[in-house]
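As structure tokens, the structure follows; a few thoughts come after it.
The values are calculated or read from the model by the stated rules, or taken from the named source; none is laboratory data. The structure presented is a predicted model; accordingly, all values stated were derived computationally and were not measured. Positions of Cβ are backbone-derived with ideal geometry, glycine not excepted, and every protein chain shown enters the neighbour counts.
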Amino acid sequence: MMRNRLILIVFVCCLGWLGARAQSYENAQEHQCLKCHSNQTYTFHNDLMERQESRLMNPYFVLDTIALKAGVHHVFDCIDCHSYEYTTYPHSANIKLEPLATCLDCHGGDESFAKYQFERIDEEYQKSVHYQTYGDAFTCSKCHSQHTYTATARTSSNVQEIVEYSNNMCLSCHNSMQEYKLVSGKDNPELVEVHNWLPNQKLHFENVRCIECHTQVEDSLMVSHNILPKEQALRKCVECHSSNSRLIASLYKYENLQSRKGNGILGTMVSNDSYVIGTHQVPLLKTLSYIIFIGLIVVIIIHTIFRILNRKPDDK
Amino acid sequence: MWLRIWHGINALGIIVLIITGLSMQSGIDSGFIMSFDKAVDAHNISGIIVTLNYFLFLIGNLVTSNGKFYIVKPSAFIKRPIKQAKYYSWGMFHGESAPYPLSEKRKFNPLQKYFYILVMYLAVPGAIITGFALLFPELIIEKVYNLSGIFVTAVFHSIIGFVISIFLIIHLYVATIGKSPLENFKSILSGWHHIHHGKK
């Protein structure tokens, strides 16, 4: 009897699941949620007034379906994460107050995601200035949109692409009047002015990520999540512009992982598209230059000795 | 006179370029010699000054008689500098007299001439062109085979810079070969060289 009931329950769940899976992001116009949420306007039948109505969609709730399909969560449907009650319209007001799942709610303690180190990221994040100041209200989704997240740092072979993707996360608040004020309650400081001391600002912003200077280097984590308070941000040029550049342990380590040549640091830095003054020491040339230089000094010393030895007595 | 001024500007400019260039490229953590951002600024500014100076040199060589000292005599054009090299390495210690002594018609002996031509017409323009490309990296070809174009340009720039610094050391040393080691340095200022007859 119990077994029959169990089978029945499982069967119904499968049907329900299949039914939900029948929707996909392929055809947004047929999708129950996306037919409104991928457009700027939506039409519905107003039962109260018994007429068709068209309204503007709240722009913050319009989703980019292409980015959705490209994201790592594209296998899920909307109601896998959002409340099932959203399937009816008008949406009930109190479901909007329910908390949403965070990354750890699904990925925490999951062995199959061990290589992404979600628990360690959470640890590091809790040391950061964002958590210290805003606590649990500052969730992962403030930077990482679950709708469109892609593991760019792991997959991209272009440094500028990684930089742009990463910096857009920071800039979504730090370059936005309303987002910044929403979270911090203060006016947004002008990024360009604040970074006035940095020469070649534009080049830097396009080729290095914010986190390169604003986090502590954590080379065992893919991306360092301990964002430091601004007073602790890096200011010494030679931290990156030297042969022991901290970039090797952060931005360029991805290239290390992806390099097909495995030529060591020189090979990987050479095979990517960026050049950082002071980091690209070509070992062969350096050795050659020492040899030539020392050889020259030796020759000059010998020549001088001979000249001294050969001096005529009436010379000075 | 213009040549004296030109030489002075060049000398100062190139010394600054070499020191700042070394500082940036050395990759030493502590900010070798001066802080990185100051080194970059100093290097860029003296680079521009030396470039302008170089154009002065080019024009000067065309309109004045100084250009004639840079023309290679085609006859025996390998034997001449070798003869001079033999003098420097062996002959001057054995009482030989200089095969190509200084005169108003001959400012450089053949060995000097070749080196100066190589440096002034090959190395320095090379450094100027690569240097300007690094100042405006958008102009550089993006990839050369599988290497970053900027990286290749930067390596060439450093190599040429190194070659010029080696030349500088030789230049300063050969200048001490004269009646007395300091005699030629007076000539740098006055522009004239006292010709010795009958001595080496």
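Taking the range B:144-184 as the range and being more than 10 Å from every other protein chain (Cβ to nearest Cβ) and modelled with pLDDT under 70 as the test, the residues that pass are B:Val144, B:Tyr145, B:Gly178, B:Asn184.
Of all residues in the range A:76-109, those satisfying the criterion of being touching a helix residue (DSSP H, G or I) at 6+ places or on another chain (Cβ under 9 Å) and β-branched (Val, Ile, Thr) are A:Ile79, A:Thr87, A:Ile95, A:Thr102.
Of the residues A:Leu104, A:Leu63, A:Leu68, only one is surrounded by 10 or more Cβ atoms within 10 Å (Cβ to Cβ), assigned by TED's automatic domain parsing to the domain that holds A:Ser145 and not polar (S, T, N, Q); which? Testing whether each residue is surrounded by 10 or more Cβ atoms within 10 Å (Cβ to Cβ), assigned by TED's automatic domain parsing to the domain that holds A:Ser145 and not polar (S, T, N, Q) leaves just A:Leu104. Taking the conditions exactly as written (out of contact with any strand residue (DSSP E or B) (no Cβ under 6 Å at 6 or more places or on another chain), surrounded by 15 or more Cβ atoms within 10 Å (Cβ to Cβ) and in contact (Cβ under 8 Å) with a residue 40 or more places away in the chain), does A:Asn167 satisfy them or not? Yes; evaluated as a whole, the condition is true for this residue. Does B:Lys68 satisfy being closer than 30 Å to A:Val299 by Cα and not aliphatic (A, V, I, L, M)? No. Could you tell me whether A:His225 is assigned by TED's automatic domain parsing to the domain that holds A:Phe118, touching a Ser or Thr at 6+ places or on another chain (Cβ under 8 Å) and more than 26 Å from A:Ile277 (Cα to Cα)? Spelling it out, A:His225 is indeed assigned by TED's automatic domain parsing to the domain that holds A:Phe118, touching a Ser or Thr at 6+ places or on another chain (Cβ under 8 Å) and more than 26 Å from A:Ile277 (Cα to Cα). Tell me whether the range B:51-68 contains one or more residues that are of a type in the set (A, V, I, L, M, F, W, C) and touching a Ser or Thr at 6+ places or on another chain (Cβ under 8 Å). Checked against the condition, which is being of a type in the set (A, V, I, L, M, F, W, C) and touching a Ser or Thr at 6+ places or on another chain (Cβ under 8 Å), the range B:51-68 yields no hits at all. Looking at the range A:180-208, which of the residues that are aromatic (Phe, Trp, Tyr) and more than 14 Å from chain B (Cβ to nearest Cβ) is farthest from A:Ser128 (Cα to Cα)? Filtering the range A:180-208 for residues that are aromatic (Phe, Trp, Tyr) and more than 14 Å from chain B (Cβ to nearest Cβ), the one farthest from A:Ser128 (Cα to Cα) comes out as A:Phe205. Do we find a residue being in contact with a strand residue (DSSP E or B) (Cβ under 9 Å, 6 or more places away or on another chain), touching a residue at least 24 places away in the same chain (Cβ under 8 Å) and assigned to a loop (DSSP other than H, G, I, E, B) anywhere in the range A:90-113? Checked against the condition, which is being in contact with a strand residue (DSSP E or B) (Cβ under 9 Å, 6 or more places away or on another chain), touching a residue at least 24 places away in the same chain (Cβ under 8 Å) and assigned to a loop (DSSP other than H, G, I, E, B), the range A:90-113 yields no hits at all. Check the range A:184-198 and report whether any residue there is loosely packed, with under 15 Cβ neighbours inside 10 Å and among the basic types (Lys, Arg). Yes, some residue in the range A:184-198 is loosely packed, with under 15 Cβ neighbours inside 10 Å and among the basic types (Lys, Arg).
Does any residue of the range A:209-218 turn out to be modelled with pLDDT of 75 or more, in contact with a helix residue (DSSP H, G or I) (Cβ under 6 Å, 6 or more places away or on another chain), away from every other protein chain (no Cβ under 11 Å) and assigned to a helix (DSSP H, G or I)? Yes. Can you tell which of B:Ile117, B:Ile129 is more than 8 Å from chain A (Cβ to nearest Cβ), at negative phi and at pLDDT 85 or above? So the residue among B:Ile117, B:Ile129 that is more than 8 Å from chain A (Cβ to nearest Cβ), at negative phi and at pLDDT 85 or above is B:Ile129.
Applying the criterion of being touching an Asp or Glu at 6+ places or on another chain (Cβ under 8 Å) and part of a helix (DSSP H, G or I) to the residues of the range A:153-164, the residue that is surrounded by the most Cβ atoms within 10 Å (Cβ to Cβ) is A:Val163.
Of all residues in the range A:259-316, which are more than 30 Å from A:Asn158 (Cβ to Cβ), more than 8 Å from every other protein chain (Cβ to nearest Cβ) and at pLDDT below 55? A:Asp314 - this is the single residue of the range A:259-316 that is more than 30 Å from A:Asn158 (Cβ to Cβ), more than 8 Å from every other protein chain (Cβ to nearest Cβ) and at pLDDT below 55.
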